[in-house]
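The block underneath contains the structure these notes are about, expressed in structure tokens.
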Amino acid sequence: VLTQLPDKTRSYLVTEISNRKEYADAERDVIKYLRDYQDADDDKLQRAIRGDIMVRMNILKQVSARGKIESATDIIHNTIDGGQKLIVFCFLKEVVQQIKAEFRDAVSVTGDDSPKQKQWAVDRFQTDESCRLIILNYRSGGTGLTLTAASNVLFVEFPWTYSDCCQAEDRAHRNGQKNAVSCTYLLGKDTIDEYMYNLIQSKKDIANGVTG
């Protein structure tokens, strides 16, 4: 089927975050933590450190996500005001709620929605021309859904793995899609987003090298 589908392109857009001081404060906390414990050699302490670092990295992701809402809103307006449909992926409830507050006609598929509500949202997005925006989180909308009414996908937040990104992109790039699919990753400038995106690309290159 993949050979019969239209092209899929992946790009990224770097934006300044609106909460730079909050991010800098959180980032300094992580750096201090690493400097204080980088020479520790106790195995148990090292495991605890690694676990705590992941928590702190997730905090940086969340701070960056909040700082990108303004830029994401501009991109969404530019897309749907031009008459095109758009799929938006997020993680944080706060981000989903703020985007929904700006776009009252949007539908969503999140963990707070019942199966009936999720199906209604997908059906409306697929069949109603006036419904141009659907907001998804990865756990509820990253797999299984067919959203071929849109050929544009925006990642305000994104997962750590290349395969999860592909799964999310393929909500639009699947059987029934008639147009080239454009996937845009929104990265906070000088934040963990850039590191994550580069990591995903390196994983992609490894996977492609293994599979040929």
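The values are calculated or read from the model by the stated rules, or taken from the named source; none is laboratory data. The structure presented is a predicted model; accordingly, all values stated were derived computationally and were not measured. All Cβ positions, glycine included, derive from the backbone under ideal geometry; neighbour counts span all protein chains shown. Please note that ligands, DNA and RNA were not included when accessible areas were found on the heavy atoms of the full protein model with its side chains. Shrake-Rupley method; radii C 1.70, N 1.55, O 1.52, S 1.80 Å.
Close Cβ contacts (under 6 Å, 6 or more residues apart or on different chains) running from residues in the range 180-209 that are open to solvent by less than 60 Å² (accessible area, probe 1.4 Å) to residues that are among the charged types (D, E, K, R) comprise V181/K8; C183/R10; C183/E169; L186/K68; L187/D193; L187/E194; G188/K68; I192/K61.
When the helices (runs of 4 or more DSSP H) confined to the range 1-101 are screened for residues that are modelled with pLDDT of 90 or more and not charged (D, E, K, R), those reaching at least 3 such residues are found at 43-67, 69-80. Across the range 85-96, a minimum of one residue is classified as surrounded by 19 or more Cβ atoms within 10 Å (Cβ to Cβ) and more than 27 Å from W160 (Cβ to Cβ). Here D112 passes the criteria (1) closer than 19 Å to K8 by Cα; (2) in a loop (DSSP other than H, G, I, E, B) except the one numbered (1).
Within the range 135-173, the set of residues being open to solvent by less than 40 Å² (accessible area, probe 1.4 Å), modelled with pLDDT under 90 and hydroxyl-bearing (S, T, Y) comprises Y138, S140. Taken over the range 101-134, the criterion of being in contact with an Asp or Glu (Cβ under 8 Å, 6 or more places away or on another chain), small (G, A, S) and surrounded by 15 or more Cβ atoms within 10 Å (Cβ to Cβ) is satisfied by A121 alone. Residue pairs whose Cβ atoms lie under 6 Å apart, separated by 6 or more positions or on different chains, with the first residue in the range 125-136 and polar (S, T, N, Q) and the second assigned to a loop (DSSP other than H, G, I, E, B), are Q126/A149.
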